[in-house]
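These notes are about the structure you will find just below.
The values are calculated or read from the model by the stated rules, or taken from the named source; none is laboratory data. Only a predicted model underlies this, so the values are computations on that prediction, with no experimental measurement involved. Cβ atoms come from the backbone with ideal geometry, glycine included; neighbour counts cover every protein chain shown. Heads up: the accessible areas ignore ligands, DNA and RNA and are worked out on the full protein's heavy atoms, side chains in. Shrake-Rupley method; radii C 1.70, N 1.55, O 1.52, S 1.80 Å.
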Amino acid sequence: MFDRRDGTHMRSVMKRASVRILALLCLCATIIATPSTRVRAGAVGQIAADVQKLDATDVQKLDAATAFVRERNARDYAIAPGGINEGRYVMIGGIEQWITIRGEDRRNPVLLFLHGGPGDATNPWGYAAFRSWLKAFTVVQWDQRGAGRTLGKSGPSVAATITIDRLTQDGIELAETLRRTLQKDKIILVGHSWGSILGVFMAKARPDLFSAFVGTGQVADPQRNYEVAYHALLEKAMRLGEPRAIRELKDVGPPPYADGRGYAVQRRWSNLFEGADFFIASMVGLALNAPDYRPHDINDWFDGQVLSAERLVPQTSATGALTAKALGGDFAVPVFVFQGADDFTTPTSLARTFVESIHAPRKAFVTIPEGGHFAVFMKRDAFLHELVARLLPAIRVRGSSRTPGSTSRL
């Protein structure tokens, strides 16, 4: 027990912690929706003022409810005996980096998932998002350099090393480690959004490590991305008869923009038209109730999104050195792009053109009906169906007498 002074101190600590959590929730949604802007101080201040109304009993009840949900999630998303469920740090690129390995059958193909963001590690909530995949694949999730628990371990001193080239090398080192420790000849590579850029460079650099590359929310042409997305959004808004969207989009006009406001408008309406606002809320809820996560892990997750965006967005934006030519060209592994039919963040039309333009031993472009930029998560069962129906047969036939550089559609 504690005396009255201890109780006053404890309430103060809990209130400050609540302010921090809610402020970070607001920040997370802002980073995902509008990475080139920052949350308004006034909005956070209002949230903080509201949180001050909480007392010790409020926080204790909330903590008890969270503990209940966390225990339930640990039970509901558990792996049965005989499977694999590991989480550990591995030495990659001179620093310790966090990975998880989950699957129901160790004989299944290993799938390395490259998260987007940049810096938006999937581990805090991926225990739920990928649960249905674990019958067919052993899924590896990796908190990349500068993200999630990897950032928590290294600290922000690694900022200068957060580059496309360094993360590509990190990914290759990880694939080599997985191949050796899980006793697999090759690894399946799946990259979402920023992860699709990373996956392209990994697959090109070391095709011997990978049986196939699958992109989703595929970044295809950074120079044209926002321009194409703008016109697709305006067309969608007019088709839906959404006056506010039409007004705001016409007000900022097509890119390039002098400041972050235009990009913020685009991201807001792409998220709303894709239904991603609900997904983002569920993602944060799952992270806060992850079985083995605590507040400092959530803080590292949010901080990683800020740091990674600061370092990588300039390298991958329209003003950076990344071009459609650098992403396209020749691949020595099968390439698949499973894209949401209504992706207004990395436009579906550009992703289709990307697949049509490349050369690969085998390639296919597939749209996920009613899916947007987050189709891999929001339509995960449909995505899994495509993985099983199209990817696995391609892996089985690879190595047959095909003409090098030929392509086929599944």
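Ranking Thr177, Thr57 from most to least accessible surface, computed with a 1.4 Å probe over the protein chains only, gives Thr57, Thr177.
With the whole protein complex present, Arg268 retains an accessible surface near 80 Å², based on a 1.4 Å probe.
Backbone geometry of the stretch 71-82 corresponds, through the Karplus equation with coefficients 6.51, -1.76 and 1.60 at θ = phi - 60°, to 3J(HN,Hα) couplings of 5, 5, 5, 4, 6, 6, 9, 5, 9, 5, x, x Hz, x marking Gly and Pro. Taking all protein chains together and rolling a 1.4 Å probe, Arg362 ends up with roughly 40 Å² accessible. Across the stretch 217-230, computed HN-Hα scalar couplings (Karplus, 6.51 cos²θ - 1.76 cosθ + 1.60, θ = phi - 60°) run x, 5, 7, 10, 8, x, 5, 9, 3, 6, 5, 5, 4, 4 Hz from first to last residue, x flagging Gly and Pro. Taken over the stretch 192-346, the convex hull of the Cα atoms encloses 146 Å³ per residue. Close amide H pairs (under 5 Å, H built 1.01 Å from N) link Ser211 with Ile187, Ile188, Leu189, residues at least 5 positions away or on another chain.
Ordered by 1.4 Å accessible area with all protein chains kept, Glu173, Glu248 run largest first as Glu173, Glu248. Residue ranking by accessible heavy-atom surface, 1.4 Å probe, largest first, among Ile99, Ile79 comes out as Ile79, Ile99. Leaving ligands, DNA and RNA out of it, work out the accessible area of Asp300 with a 1.4 Å probe and give it in Å² to the nearest 10. We get 30 Å² for Asp300.
For the pair Asp292 and Arg239, the difference between a 0.36 nm per residue extended length and the Cα-Cα distance amounts to 14.6 nm.
Close amide-amide hydrogen proximity is noted between Gly340 and Gly217, Ile368, Ala375, each under 5 Å apart and 5 or more residues distant or on a separate chain (H modeled in the peptide plane; Pro and chain starts excluded).
For the pairs Lys135/Lys325; Lys204/Lys379; Lys61/Lys236, note any where the Cα-Cα span goes beyond 32 Å.
Beyond 32 Å: Lys135/Lys325; Lys61/Lys236.
So what's the net charge close to Ile95: Lys and Arg +1, Asp and Glu -1, counting the other residues with Cβ under 13 Å from its Cβ? Taking every Cβ under 13 Å from that of Ile95, the sum is 0. Taking amide H positions as modeled 1.01 Å from N, with prolines and chain starts lacking one, the residues under 5 Å from Lys363 and 5 or more places away or on another chain are Val335, Ser408. For the stretch 283-288, putting each phi into the Karplus relation 6.51 cos²θ - 1.76 cosθ + 1.60 with θ = phi - 60° gives couplings of 4, 5, x, 5, 5, 5 Hz, in residue order, rounded to whole numbers and with x for Gly and Pro.
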